Amino acid sequence: MNGGQGQGISLQGSLRLGHVVFFGLAFLAPISIFSIYGVAIQSSKGMIASAYVIASIVMLFTAYSYGLLVKAFPTAGAAYSFAQKSMNSQVGFIVGWTILLDYMFCPLISALFFGIFATSYFPDVPFYVFILLFVSVITIVNVLGIKIVANFNALLLTFQIIFCLSFIVISIKGLLDGKGMGTLISTLPFFDPNVKLASVLSIVPLLSFTYLGFDAVTTLAEETENPRKTLPKAMFLITIIASLLFIAISYFAQLVYTDLNSFIDPESAAMQIFAYVGGNIFVSIFVAIWSTAGLASAVASSSSAARVLYVMGREHVLPNKFFGYLSPKYHTPVFNLLLVAVVALGALVLDVLTVTSFINFGALFAFTMVNLSVISHYFIRLKKRKGKDMILYLVLPLIGAFFTGLFLIKLDIHSLLLGGLWLTSGLIYLIFLTKMFSQPLPDLYGSGNETWMGATASSE
C-alpha cells in the first residue's frame, strides 16, 4: 500500500463505528430532503412517505451487497475494487471511472449551492469569493487527515440532526394547535386510493439521490478498525437512520401543510413550510444549517473521491506518481484532494442540472454493478449455491441490481446523455491502457479467490 513517492506510507486505520456512521450521514446530508420535498410530493401526489419506504428498501438491498463485498475486499477502492476483483480488472476500471462522477461532482454541487445561498444573503460579495472560500476549507480539512474529517463532519452533522428533529417537534405542535390536518395520525402519506402506483414509483429515483453517501464509507476500509465487521454495520445504520428521518419528516410535513398546489416554487417549497410552522426565524436557521450541511457533505465526498483515485493510482491504472501519492506527514492523498478541489471550482461555470445529472448516473450505475459483483464473486466464483446461499448470494443482490438498474434507465435524458458521454470517454481511455484489450490492466493484489492483503477473498 505504498504511495507513489513515499515508501512505507499508508492510510491509517484509526476510525471506529461512530466515526464511519457520522461520515456517511454527513455525505448524504439528512437535511437534503428539504431541497427536493416540493418536487417529490407533487410528483407522488402526496404519497412521498410511501415512496421513501420503497426507496429505503431498495437502498437496503444495495447496502447488503456492499457489506458482503467489503468483507471480501476491505480496500479503499470501494465499488472500483469490488467489481475489479469479483469480475475482472476492465469492468472494475469502468465502474471506478463512473463512480468518480458521483464522488467528484458532489463537492462541486455543494459548492454551487453554498455560493447561491451565500450571495442571496450577501449580494455585494462576488460569487467567486464564496466558491473559493468553500473549496479551500474542504481541501484543508481533508489534507489534515481522516480523523480530522470525521470529527469535523460529526460536529456539522449534529446541527442537521437537531434541525430535523426540531422540525418534527414544531410540526407536531402545529398539528396539535389545529394546523394542517389537525391530527397526528393519517394514512394518506402512505396510501391514497386516488393515487396510482406509477406516480409513487416515478419519484423513487429522485429520492434515491438523498441516500447517496452510505456507500462512500467503503472508501474508508483501510482507515477503519476491523473494516470487515465495522463497515457492513455502518452502512445498515446509515441507511436505517436516514430512512427513519426522511419518512418522519415527509410524513409530518404533509400533515402540517396540506395545500400542495400553493407552492410558489416547488424547488423551494420547504421555505414556505418553514415559514408556516416556525416563522421567518426558522427559515433563517435552515439556510444557516443548509450551508454547514453542504460543507460536511463536500468534505466527505472529497475524501471519498480522493481515495478511489488513490487506489486506482496505487494499482497503476492511473499515473502512480500523482494519483498513488500519500503525504508523508498527514497520510492523505494530497494531490488527489487538490485535483478534486480544481473540479469543485467548476461551480463557477456549471449549473445544478448538469452536475446532478452526472451524480445520479454515476451512483446508480455503480450500485447496479456492485449488486452484480456479489453474484459474480460468491455465487459464480465461490460456488455458494446450496440452501440459503441461493437467497443470500443470488436472489437478494439480483433484486438490488434490478431496481437500481431500473432507476438508472428511468433517469432523465440529461443524466443519460452526460453519463453516457463520460462512460464513453472511460472506454476510450481503457482501450488506450490495454492497447485495444490486448494487455491486462495492472492488478496489485490479484483478484477472485487469490490471497489478498493477508486474507482470502472468500472471507465473510
Before we move on, is Ile109 in a helix (DSSP H, G or I), under 17 Å from Ser291 (Cβ atoms) and under 16 Å from the mean Cα position of the chain (by Cα)?
-> yes
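Here are Ala300, Ala293, Ala306: which of them is under 25 Å from Leu157 (Cα atoms), at pLDDT 85 or above and either of a type outside the set (A, V, I, L, M, F, W, C) or surrounded by 24 or more Cβ atoms within 10 Å (Cβ to Cβ) (or both)?
On the way: Ala300 fails: at pLDDT 85 or above; Ala293 fails: at pLDDT 85 or above.
Just one listed residue meets the conditions, Ala306.
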Within the range 61-80, can one find any residue that is of a type in the set (S, T, N, Q), under 16 Å from the mean Cα position of the chain (by Cα) and either crowded, with 24+ Cβ neighbours inside 10 Å or closer than 30 Å to Tyr251 by Cβ (or both)?
-> yes
Quick one: is Leu364 over 25 Å from Ala401 (Cβ atoms), touching a Phe, Trp or Tyr at 6+ places or on another chain (Cβ under 7 Å) and not β-branched (Val, Ile, Thr)?
-> no
Of all residues in the range 113-127 being under 26 Å from the mean Cα position of the chain (by Cα) and not aliphatic (A, V, I, L, M), which is surrounded by the fewest Cβ atoms within 10 Å (Cβ to Cβ)?
-> Phe117
Matching entry among Leu206, Leu231, Leu212 (being crowded, with 17+ Cβ neighbours inside 10 Å, aliphatic (A, V, I, L, M) and touching a strand residue (DSSP E or B) at 6+ places or on another chain (Cβ under 8 Å)) | Leu231
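Residue-by-condition table, conditions (1) of a type outside the set (Gly, Ala, Ser); (2) assigned to a helix (DSSP H, G or I); (3) over 14 Å from Val58 (Cα atoms):
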{"site": "Gly362", "(1), (2), (3)": "no, yes, yes"}
{"site": "Tyr378", "(1), (2), (3)": "yes, yes, yes"}
{"site": "Lys383", "(1), (2), (3)": "yes, no, yes"}
{"site": "Tyr393", "(1), (2), (3)": "yes, yes, yes"}
{"site": "Phe402", "(1), (2), (3)": "yes, yes, no"}
{"site": "His414", "(1), (2), (3)": "yes, yes, yes"}
{"site": "Leu417", "(1), (2), (3)": "yes, yes, yes"}
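Give the residues of the range 1-28 that are β-branched (Val, Ile, Thr) and modelled with pLDDT under 70, sorted by residue number.
Hit for the range 1-28 is Ile9, nothing else.
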Residue by residue through the range 321-334, note down the ones that are surrounded by 19 or more Cβ atoms within 10 Å (Cβ to Cβ) and of a type in the set (S, T, N, Q).
-> Thr332
Looking only at the range 42-91, and only at residues there that are among the basic types (Lys, Arg) and over 20 Å from His316 (Cβ atoms), the one that is modelled with the lowest pLDDT = Lys45
Does any residue in the range 315-338 that is in contact (Cβ under 8 Å) with a residue 12 or more places away in the chain and on the phi > 0 side of the Ramachandran plot come within less than 7 Å, Cβ to Cβ, of a residue that is buried (at least 18 other Cβ atoms within 10 Å of the Cβ) and not in a loop (DSSP other than H, G, I, E, B) six or more places away or on a different chain, and which pairs are these?
-> none
Quick check: anything in the range 337-355 under 18 Å from Val95 (Cβ atoms) and not in a loop (DSSP other than H, G, I, E, B)?
-> no
Does Ser166 qualify as being under 30 Å from Leu17 (Cβ atoms), over 21 Å from the mean Cα position of the chain (by Cα) and among the small types (Gly, Ala, Ser)?
-> yes
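Filter the range 175-201 down to residues that are among the aliphatic types (A, V, I, L, M) and free of Cβ contacts under 8 Å to residues at least 40 places away in the same chain, then give me how many there are.
Residues flagged as among the aliphatic types (A, V, I, L, M) and free of Cβ contacts under 8 Å to residues at least 40 places away in the same chain within the range 175-201 amount to 4.
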Pair list, Cβ < 6 Å and 6+ apart or interchain, from the range 249-269 residues that are over 12 Å from Ala40 (Cα atoms) to residues that are among the aromatic types (Phe, Trp, Tyr) and in a helix (DSSP H, G or I) | Tyr257/Tyr276
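Evaluate the following for Ser301: is it over 19 Å from Gly180 (Cα atoms), of a type in the set (Ser, Thr, Tyr) and either in a helix (DSSP H, G or I) or touching a helix residue (DSSP H, G or I) at 6+ places or on another chain (Cβ under 7 Å) (or both)? Full working, then the answer.
Values: over 19 Å from Gly180 (Cα atoms): yes; of a type in the set (Ser, Thr, Tyr): yes; either in a helix (DSSP H, G or I) or touching a helix residue (DSSP H, G or I) at 6+ places or on another chain (Cβ under 7 Å) (or both): yes.
Here the answer is yes, as Ser301 does meet what is asked.
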Residue pairs qualifying under the 8 Å Cβ cut-off, at least six apart or on distinct chains, with the first in the range 95-106 being crowded, with 24+ Cβ neighbours inside 10 Å and the second being outside any helix (DSSP H, G or I), are Gly96/Gly77; Gly96/Val317; Ile99/Ala78; Asp102/Leu212; Cys106/Leu212
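Return yes or no: is Leu337 surrounded by fewer than 18 Cβ atoms within 10 Å (Cβ to Cβ), touching a helix residue (DSSP H, G or I) at 6+ places or on another chain (Cβ under 7 Å) and not β-branched (Val, Ile, Thr)? Steps first, please.
On the way: surrounded by fewer than 18 Cβ atoms within 10 Å (Cβ to Cβ): no; touching a helix residue (DSSP H, G or I) at 6+ places or on another chain (Cβ under 7 Å): yes; not β-branched (Val, Ile, Thr): yes.
Considered against the rule, which asks whether it is surrounded by fewer than 18 Cβ atoms within 10 Å (Cβ to Cβ), touching a helix residue (DSSP H, G or I) at 6+ places or on another chain (Cβ under 7 Å) and not β-branched (Val, Ile, Thr), Leu337 comes out as no.
The values are calculated or read from the model by the stated rules, or taken from the named source; none is laboratory data. Since the structure is predicted, the reported quantities are computational estimates derived from the model, not experimental observations. Cβ atoms come from the backbone with ideal geometry, glycine included; neighbour counts cover every protein chain shown.
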